Amino acid sequence: MDYEVIDSHAHLEELGDLEAAIRRAKDSGVAAIIAVGSDRRSNSQVLEIAARYKSFVYPALGLHPWSLATAISTLERDLQFIEGNIESIVAIGEVGLDYSKEVIKGAGKDLQKWALRSILELAKRLGKPAIIHSRYAWRDCFALAEGIAIEKAVFHWYTGPLNVLRDILDRGYFVSATLAAGYHEEHRRAIRETPLERLLLETDSPVVYRGGTRAEPADVIRVLDVVARLKDVEPSIVADKTTQNALMLFALRTG
């Protein structure tokens, strides 16, 4: 393979044999991985992993809405931790809103929006892009990002309505494609509608996709192939454009 790709979203601290996964990723043509944090513990782990794999793994620190039920009392300290490591990270994330029933039970909409607003204000002040989780909360996530005037953001694994997607794209934000683009109709539709100039690739490792496939960073090549088929273009074109997008969005210098 004569092109390189970037996995723009992976939870590396959750992988079983990280060393082997990194080796397979490099052998598959992966040029870089954005390792995202979800809470204080995973944020610390992400920094350690990035230090171990310099110029290949790049850290993003965040507070996932799934973590809010137990982390809200420490939000100020968590934000201070992120700010204290700002020189080491390439983005704020994973952050966002999740209006699924199981998440709402632990952290209501108002609480989630308050926390996300606080985190996005930090991203704005520190000049970092935001990696946004928006399940069933697409309009509210966009409204908060736009209202705070976040300059750079990527809406991870987008499955929402097209009118919100168009607002996201018009604002200059990005959308990331996952392996679910091979079977999830809403996600497939979003990827078809998103121009290559606004698209990233990701695995969300180690999430389990349909068929029982547990993702790892090397699988970003499979995402590339799915996107190429949806777009009806050569994989090399998708690889070149999405890699340039990631390099620009996260201000990366790989190699």
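The values are calculated or read from the model by the stated rules, or taken from the named source; none is laboratory data. Keep in mind it's a predicted model, so treat the numbers as computed, not measured. We place every Cβ from the backbone using ideal geometry, glycine too, and count neighbours over all the protein chains shown.
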So which residues in the stretch 32-64 are in a strand (DSSP E or B) and in contact (Cβ under 8 Å) with a residue 40 or more places away in the chain?
A32, I33, I34, V36, V57, Y58, A60
Failed item, numbered, when R23 is tested on (1) of a type outside the set (D, E); (2) within 23 Å of P235 (Cα to Cα); (3) part of a loop (DSSP other than H, G, I, E, B):
(3)
Could you figure out which of (1) touching a Leu at 6+ places or on another chain (Cβ under 6 Å); (2) at positive phi; (3) hydroxyl-bearing (S, T, Y) isn't true of S8?
(2)
Within the stretch 74-90, restricting to residues that are surrounded by fewer than 17 Cβ atoms within 10 Å (Cβ to Cβ) and acidic (D, E), the one that is farthest from L116 (Cα to Cα) is E87
Please work out which residue is farthest from the chain's Cα centre (by Cα), limiting yourself to the stretch 183-205 and to residues that are assigned to a loop (DSSP other than H, G, I, E, B) and surrounded by 18 or more Cβ atoms within 10 Å (Cβ to Cβ).
T194
Does the stretch 100-114 contain any residue that is under 17 Å from F174 (Cβ atoms) and either β-branched (V, I, T) or modelled with pLDDT of 95 or more (or both)?
no
So is G93 within 19 Å of A123 (Cβ to Cβ), touching a strand residue (DSSP E or B) at 6+ places or on another chain (Cβ under 6 Å), at pLDDT 95 or above and crowded, with 21+ Cβ neighbours inside 10 Å or not?
no
Identity of the residue in the stretch 44-90, in contact with a strand residue (DSSP E or B) (Cβ under 7 Å, 6 or more places away or on another chain) and small (G, A, S), that ends up nearest to R135 (Cα to Cα)
G62
